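Input: a single structure, listed below in structure tokens.
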Amino acid sequence: AAAHYGLRVIADNIGDIVGAITRFVLVSKPATPPKVTGFDRTSLAVFIGIDHAGALLDILTEFAKRDVNLTFIQSRPTGLELGHYHFIIDAEGHVSDAPVKETIEALRAICEDIRFLGSYPREKAAK
């Protein structure tokens, strides 16, 4: 992957689990997402504002209503103050796919902030 993106490897063979796959993220200024491949994933940071019972359920419901499958979700404190959290979410589909696009719009109505992190081709798991 390093050669593909013109990056320099600073340490080789540092993994401790054979067959493990590590995901790297290239951070850049906003740009046009890659073209739709039909086998894509979209990553979002979803900020709920003040934590409350049912906040995660509200978010998950918007994905479920549109049959958008989630492949990863992690809660993280925002660091702003106690009780403020955001979720990093990976969903199947491209941001230009209607179900994903509609889900993001619905989340904007119920969340404090949504940050689109990118849409990209999914990797097939190694066998």
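Read-outs throughout are calculated quantities, based only on the coordinates presented, and are distinct from any laboratory measurement. Remember, predicted model here, so these are calculated numbers, not experimental data. Positions of Cβ are generated from backbone atoms using ideal geometry, with glycine treated the same way; all protein chains shown enter the neighbour counts.
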Item to check | Fewest-first ranking of 68, 27, using other Cβ atoms within 10 Å as the exposure measure | outcome: 27, 68
Checklist entry - Which residues make up the longest stretch of the chain that has no chymotrypsin sites (Phe, Trp or Tyr not before Pro) in a DSSP loop with at most 12 other Cβ atoms within 10 Å? => result 40-127
Next on the checklist: Helix-only estimate, please: 222 nm mean residue ellipticity of the chain, summing -39500 (n - 2.57) across DSSP H runs of length 4 or more and dividing by its residues, to the nearest 500.
Outcome noted: -6000 deg cm²/dmol
Checklist outcome for this item: Sparse-neighbourhood loop hits (GluC sites (Glu not before Pro), segment 69-127; DSSP loop; Cβ within 10 Å at most 10 others) -> 81, 123
Checklist entry - In the chain, what is the count of Lys pairs whose alpha carbons are under 30 Å apart, counting only pairs at least 8 residues apart or on separate chains? => result 9
Item to check | trypsin sites (Lys or Arg not before Pro) within segment 10-54: DSSP coil, no more than 13 neighbouring Cβ in 10 Å | outcome: 23, 35
Next on the checklist: Give me the one-decimal Kirkwood hydrodynamic radius in Å for the chain, with the sum taken over alpha-carbon pairs.
Outcome noted: 16.4
Checklist outcome for this item: The computed P(r) of segment 72-115 puts the percent of Cα pairs beyond 14 Å at 58
